[in-house]
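All remarks here apply to the structure that follows.
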Amino acid sequence: MGVRLGINPLTWTNDDMPELGAETPLETCLAEARLAGFEGVELGNKFPRTAGTLRPVLERHGLALVSGWHGSSLLERDVDAEMAAAEPHVALLSALGCRVMVHAEVTGSVHGLRDVALSRRPVLDGAAWALLASRLSEMGRRLAARGIALAYHHHMGTVVETADEVDRLMAATGPEVGLLLDTGHLTFAGGDAAAAAARHAARIVHVHCKDIRPAAMVAARRDDRSFLDAVLDGVFTVPGDGCVDYAAVLRPLAQAGYGGWLVVEAEQDPARAHPLTYARMGHHHLAAVARDAFGTSGPGAAGGG
């Protein structure tokens, strides 16, 4: 199976700031996702969370469930407790055929706090790194036994934000901890998404494709803004509308045989960035670049799935 293109409902309605797109029903998100050309969607705050309810909704729109976010507290509780807390989510992903679970450690995170600057995010010491790596590895093994790969999501405002921290996490863990490469978050954190893709291609099990508006990124860094203020200021956009070189990002993934999802995920204010317009823009650019990178296994190509 070749790569497939999905989208996160953040284009229409925001999980961290539910007032953004609050008036938009789930049916609109799904109908427009399909209209824009996507094959699948990730979970959002308006989705039913039982398989029996969600499956027919997705089937009605011809969409697969790609994955969904789990924010863990592994620095505060052990793996037994974390797996128990995640069980309803894991069961839903498993029932709907997802191959990965988006996973971020959110202990002390500031990404959901509009009045807290990104510079005040938590930074781990050596003992905390060892603890996180050990518990993530165990959780990854348990998820793998359920047929789901742990896709670790480095994220602004969390304990794993920078390229160096991604490198450290990958070095401290084995293949039981997969990497979710998020092009927008890594660029915002000062990293090079294409270089990270080349370094970690063998570990990448999921990709979030968000682009960056350079002027908004520079302003957010200069003024030490909160993550949510940066989002409202338009730091993120869809592939093809910013500075990320997607051809350079996807090339090493194709060479490594990546066969998962490429997910457009661009937090924007839907009142300022018309969702269907931007969804179509992101799909158009990403599909073209993916076809060039992956050839006959790219989206929409023969054998692409």
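Where a number appears in this text, it was derived from the coordinates with a stated rule and is not lab data. The structure displayed is predicted, hence computed values, not measured ones. Positions of Cβ are backbone-derived with ideal geometry, glycine not excepted, and every protein chain shown enters the neighbour counts.
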Could you list, ordered by first residue, the pairs with Cβ atoms under 8 Å in which the first is in segment 66-93 and without any contact (Cβ under 8 Å) to a residue 40 or more places away in the chain and buried (at least 16 other Cβ atoms within 10 Å of the Cβ) and the second is in a helix (DSSP H, G or I) and not β-branched (Val, Ile, Thr), at least 6 apart or interchain?
Gly68/His89; Gly68/Leu92; Gly68/Leu93; His70/Ala86; His70/His89
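The rows are residues; the columns are (1) closer than 23 Å to Asp167 by Cα; (2) among the acidic types (Asp, Glu); (3) touching a Phe, Trp or Tyr at 6+ places or on another chain (Cβ under 9 Å); (4) in contact (Cβ under 8 Å) with a residue 40 or more places away in the chain.
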| residue | (1), (2), (3), (4) |
| --- | --- |
| Ala196 | yes, no, no, no |
| Lys210 | yes, no, yes, yes |
| Ala216 | no, no, yes, no |
| Asp233 | no, yes, no, no |
| Val244 | yes, no, no, yes |
| Arg272 | no, no, no, no |
| Tyr278 | no, no, no, yes |
Scanning segment 80-124 residue by residue, the ones that are more than 19 Å from Thr158 (Cα to Cα), in contact with a Lys or Arg (Cβ under 9 Å, 6 or more places away or on another chain) and not small (Gly, Ala, Ser) total 7
Helices (runs of 4 or more DSSP H) wholly inside segment 163-222 containing at least 2 residues that are surrounded by fewer than 20 Cβ atoms within 10 Å (Cβ to Cβ) and either on the phi < 0 side of the Ramachandran plot or charged (D, E, K, R) (or both)
163-172, 193-200, 214-222
Of the residues in segment 93-106, those that are in contact with a Phe, Trp or Tyr (Cβ under 9 Å, 6 or more places away or on another chain) and of a type outside the set (Lys, Arg) come to Val100, Met101, Val102, His103, Ala104, Glu105
Count of segment 21-35 residues which are surrounded by 17 or more Cβ atoms within 10 Å (Cβ to Cβ), over 19 Å from the mean Cα position of the chain (by Cα) and among the hydrophobic types (A, V, I, L, M, F, W, C)
1
Every residue in segment 42-65 that is surrounded by 12 or more Cβ atoms within 10 Å (Cβ to Cβ), in a helix (DSSP H, G or I) and not β-branched (Val, Ile, Thr), please.
Ala51, Leu54, Arg55, Leu58, Arg60
